[in-house]
Amino acid sequence: MEGIFRFKEFNVDQTGCGMKVNTDGVLLGALTGEGTPGTILDIGAGTGVIALMLAQRFAEACIDAIEIDTDAAVTALSNFKNSPFSERLRLHQGSFQEYMGGNLPVQYDLIVSNPPFFITSLVNNDHKKKTARHTDTSFFSDLTLLSAGNLSPSGNISLILPVSTAETVEKLAIKQGLSVHDEIEIKSFSNSNPHRKIITFGFTSKIKTHRSFVIYQQEKQYSLEYQRALKDFFIIF
């Protein structure tokens, strides 16, 4: 069916979503998280693909997902209900400020987001794409403040961001008592400059780790590390 992205263990209907299944999202879903998080929060669920990937990876985790766009929320909820992990996935329609600003009954062991990240760029005319892609600095101030307030003491926050935005967000996170635990620089090719960073924050003291991740070995040929990262998810591997 047109609009369906098929994974090995679940399908993602992309109808009504401003942002379709994309490289940023699947890399965050595949590379973030460690240990056995019991509670996970996905901020800006979109199609629900990141939450679904994390549900597959962490079989005991209960996952909440927040999506502000009504159509995308309907689509994500349908994807959750039609997945093998439906009993462990919950969708909350609305802003993360509304959801996380209250007295939540749970602290999260892992908070993830592939957030809107174009802070100082031309605004996209398509409303759905504008909502999915564009934001301002106050968005990240709220994101770091509320994430820190709802994170378990040993939990982690992982975001995928453009390199230029990552520095701003790191400073905001440090103001909330968080420290950078891990950075993954995403490159298209081994000789390319990084265009994204996956940054992981936490409260605990930890020596920062840093590595690069290359998507393509050559034009139209995925690298071995990309194939290894996505082999449990993509039918083509």
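The values are calculated or read from the model by the stated rules, or taken from the named source; none is laboratory data. Keep in mind it's a predicted model, so treat the numbers as computed, not measured. Using ideal geometry, Cβ is built from the backbone for each residue, glycine included, and neighbour counts are taken over all protein chains shown. What goes into the accessible areas is simple: the full protein's heavy atoms, side chains included, and nothing from ligands, DNA or RNA. Shrake-Rupley method; radii C 1.70, N 1.55, O 1.52, S 1.80 Å.
Please find, within segment 57-69, the residue that is surrounded by the fewest Cβ atoms within 10 Å (Cβ to Cβ) out of those that are closer than 17 Å to Pro115 by Cα and under 14 Å from the mean Cα position of the chain (by Cα).
Only one residue fits best here, namely Asp64.
Table: residues versus (1) open to solvent by less than 30 Å² (accessible area, probe 1.4 Å); (2) of a type in the set (S, T, N, Q).
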| residue | (1), (2) |
| --- | --- |
| Ala55 | yes, no |
| Asp71 | no, no |
| Arg88 | no, no |
| Gln97 | no, yes |
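Can you tell me which residue in segment 187-217 is nearest to Gly177 (Cα to Cα), limited to those that are open to solvent by less than 100 Å² (accessible area, probe 1.4 Å) and polar (S, T, N, Q)?
Among them, the one singled out is Thr204.
For segment 54-103: of the residues being touching a residue at least 12 places away in the same chain (Cβ under 8 Å), outside any helix (DSSP H, G or I) and among the small types (Gly, Ala, Ser), which is nearest to Gly149 (Cα to Cα)?
Step by step, filter segment 54-103, then rank; the result is Gly101.
From the set of residues in segment 185-237 that are in a strand (DSSP E or B) and hydroxyl-bearing (Ser, Thr, Tyr), which is farthest from Val21 (Cα to Cα)?
Here the residue is Thr209.
In segment 33-53, which residue that is of a type in the set (S, T, N, Q) and surrounded by fewer than 24 Cβ atoms within 10 Å (Cβ to Cβ) is farthest from Glu183 (Cα to Cα)?
Only one residue tops the list, namely Thr39.
Surrounded by fewer than 18 Cβ atoms within 10 Å (Cβ to Cβ), at pLDDT 95 or above and more than 23 Å from Ala30 (Cβ to Cβ): does that describe Asp136?
It is false that Asp136 is surrounded by fewer than 18 Cβ atoms within 10 Å (Cβ to Cβ), at pLDDT 95 or above and more than 23 Å from Ala30 (Cβ to Cβ).
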